[in-house]
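Structure first, then comments.
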Amino acid sequence: MGRPLKEKINDLDLKNWKEYGDLLTDSLWLINERDKTGAHNNQYHGNFVPQIPHQLMRRFTKKGDVVLDAFLGNGTTLIESKRLGRNGIGIELLPDVAESARKNINQGELLNNTNDAFTDIIVGDSTAAITKDKVIDVLHEHGRNSIHHIILHPPYHDIIKFSNKQEDLSNTGTVEDFARRFGDVIENFVDLLERYRYLSIVIGDKYTNSEWVPLGFYLMQETMKRAPNLRLKSILVKNMANNRAKINQEKLWRYRALVGGFYIFKHEYILIFQKI
Ligand SMILES: C[S@@+](CC[C@H](N)C(=O)[O-])C[C@H]1O[C@@H](n2cnc3c(N)ncnc32)[C@H](O)[C@@H]1O
């Protein structure tokens, strides 16, 4: 009988593959300008550029598929999923942040969006079993059982403290604790991901006490340990342009780097896994 025929996982017409010149296929992503069109704004400290979920959804989902973002923040993924006609479920721990995301995805161009896609926001802790139950409830409400793409953009450990809540991943004590809690999120949702579908992790590293702490590598290892049915497909390196914390301080940072014998990090990672 041979291998089962794999279902198509995107809407690309590969007979006309040359028409998709804007789709990235290299592992180095140089995105210098954030997409600020429509509902996107840059008001949330710690948000990612909309081009990240946009590119991922076009490669790894079809119209009508369901995308889960378990660290929703200001709603970037759901704005983009709605624009692209994908259904979106977002989880955010902080009620005020979730409320702001809700406003963002229901304004302007998106109010009259004719794509028949649902967007649901759950306020909750993505490491908790009860949050998984809520995701399943939302899926059932829409006659669904599974997810077609998972996007995870967790805090970069404690670089930005999002709150004082114990459940907040930016409040975990050690890097090991942070990785373990992130692994809990992977375990919580990987069952819901359909076979052959993709999970993407967006994460940057940090410096602490004159030492480079490779958060990206920690999370990659943890993911492989916690979900052996996820296969690493790509490690993307994306430039960090206009990092707010360092804006107008380039000279100072350059001096520090020369004195301290280190390099200023200007990149973050997008780790792409496929469920097998
Ligand atoms: C890096 S931000 C995500 C930003 C988002 N991609 C955007 O574009 O707005 C991480 C988010 O995860 C949330 N968070 C932290 N711990 C969480 C947890 N245990 N469950 C759900 N959300 C959590 C934080 O409140 C923060 O909004």
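Kindly indicate the residue of segment 80-104 that is within 11 Å of the ligand (Cβ to nearest atom), in a helix (DSSP H, G or I) and touching a residue at least 24 places away in the same chain (Cβ under 8 Å) and also nearest to Gly143 (Cα to Cα) among those meeting that condition. Working first, answer last.
Narrowing segment 80-104 to residues within 11 Å of the ligand (Cβ to nearest atom): 80, 90-98, 100-101, 104.
After this cut, where a residue has to be in a helix (DSSP H, G or I) as well, the list is 80, 95-98, 100-101, 104.
From the residues that got through so far, the ones that are touching a residue at least 24 places away in the same chain (Cβ under 8 Å) too are 80, 95, 97-98, 100-101, 104.
Values: Glu80: 22, Pro95: 26, Val97: 28, Ala98: 24, Ser100: 27, Ala101: 24, Asn104: 26 Å.
In this case the residue turns out to be Glu80.
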Fill in: Tally, over segment 122-175, of residues that are assigned to a loop (DSSP other than H, G, I, E, B), within 14 Å of the ligand (Cβ to nearest atom), in contact (Cβ under 8 Å) with a residue 24 or more places away in the chain and of a type in the set (S, T, N, Q)
3
Discussion item. When the residues of segment 57-74 are narrowed to those that are closer than 18 Å to Tyr198 by Cβ and within 12 Å of the ligand (Cβ to nearest atom), which ends up surrounded by the fewest Cβ atoms within 10 Å (Cβ to Cβ)?
Written reply: Phe71
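Taking strands (runs of 3 or more DSSP E) that fall entirely within segment 197-270, which contain at least 3 residues that are under 24 Å from Ile31 (Cα atoms) and not small (Gly, Ala, Ser)?
Correct list: 230-239.
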Worksheet item: Given the conditions (1) hydroxyl-bearing (Ser, Thr, Tyr); (2) closer than 24 Å to Leu28 by Cα; (3) more than 8 Å from the ligand (Cβ to nearest atom), which single one is not true for Thr77?
Response: (3)
Worksheet item: How many residues, within segment 173-208, are within 16 Å of Gln221 (Cβ to Cβ) and not small (Gly, Ala, Ser)?
Response: 17
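Read-outs throughout are calculated quantities, based only on the coordinates presented, and are distinct from any laboratory measurement. Quick caveat, the model's predicted, so the values are computed rather than measured. Because the Cβ atoms are built from the backbone with ideal geometry, glycine has one as well, and the counts that use them run over all protein chains shown.
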